[in-house]
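So the structure is just underneath, and the comments pick up after that.
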Amino acid sequence: MMKYQFRKALDSEIPQIWKILQQAIERRKNDGSNQWQNGYPNPETIQNDIAKGNGYVLTDQETVIAYSAVIINDEPAYLEIDGQWLTNGDFVVIHRVAISEDYLGQGLVQQMFGLFEDFALENNIHSIKVDTNFDNPAMLRIMDKLGYTYCGEVFFNGSPRKAFEKVLKV
């Protein structure tokens, strides 16, 4: 993993990030998923993430190879859950994880989740919360493999999403 760098995204990288997200949107569509098929995410979403300091990239030298939003304590949809979170304190929420087509199949999503956990612990936060579509088997497998606990459903724009949390050990 050390050959890759995980850092905040730059405005100048929006075109590269958008290309990666478009590839992911297309993959979700080809998988028969409804996730990301309604105009979200879009370039404005990325711009917003970066402006708020929440946009992160994984780079291989100068090339952006993955993108995600890494947000501390700010997800209004998580205030109401049909179920129960494991913790009620500070948390890191992960959204919009996407890997470049050229880097698929290398376990990068799992590696990124390790980096998200490091980020949380560096900020003295011991909880990561994530949600995904019911029809995203790849992410559901990763949640299972990495020890995330299914907590219930949260709703975005009226659509139910599976919500997971992992409590991090120091």
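Coordinate-derived values only; no laboratory data. Predicted, not measured: the structure shown is a model, and the values here were computed from it. Cβ atoms come from the backbone with ideal geometry, glycine included; neighbour counts cover every protein chain shown.
Taken about its Cα centre, the stretch 1-159 carries a charge dipole of roughly 280 debye when the Cβ of each Lys and Arg holds +1 and the Cβ of each Asp and Glu holds -1. Only one of [x] 9.3; [y] 8.7; [z] 12.3 was calculated from the structure for mean projected area of the Cα convex hull in nm², and its label is [x]. Within the listed set ARG96, ARG28, ARG141, the residue fluctuating most in the Gaussian network model of the chain (springs between alpha-carbon atoms under 10 angstrom) is ARG141.
GLN110 sits among other residues whose Cβ lies under 15 Å from its own Cβ, and their net charge, with Lys and Arg +1 and Asp and Glu -1, is 0. So what's the gap between the Cα centers of the stretch 98-152 and the stretch 31-69, to the nearest angstrom? The stretch 98-152 and the stretch 31-69 have Cα centres separated by 15 Å.
Here the stretch 15-64 is assigned +1 on the Cβ of each Lys and Arg and -1 on the Cβ of each Asp and Glu. Its dipole about the Cα centre then comes out at about 160 debye.
Taking the helices alone, the chain has a mean residue ellipticity at 222 nm of -9000 deg cm²/dmol, built from -39,500 (n - 2.57) per DSSP H run of at least 4 residues and averaged over all its residues. Between ILE142, ILE25, ILE94, the GNM of the chain built on Cα springs shorter than 10 angstrom shows ILE142 fluctuating the most.
Report the local net charge at VAL170: Lys and Arg +1, Asp and Glu -1, summed over other residues whose C-beta lies under 13 Å from its C-beta.
Working: positive: LYS169; negative: GLU117, ASP118, GLU122.
Taking every other residue near VAL170 into account, the sum is -2.
Kindly identify the stretch 42-111 as rounded, prolate or oblate by the Cα gyration tensor criterion: order the square roots of the eigenvalues as a ≥ b ≥ c, call it rounded if a/c is under 1.5, otherwise compare a/b with b/c, prolate if a/b is larger, else oblate. In terms of gyration-tensor shape, prolate.
Build a GNM of the chain with springs between Cα atoms under 10 Å apart, and of GLU117, GLU62, GLU80 the one that fluctuates most is GLU62. Our summary gives the stretch 56-170 a relative contact order of 27 percent, counting only alpha carbon pairs under 8 angstrom and 6 or more residues apart.
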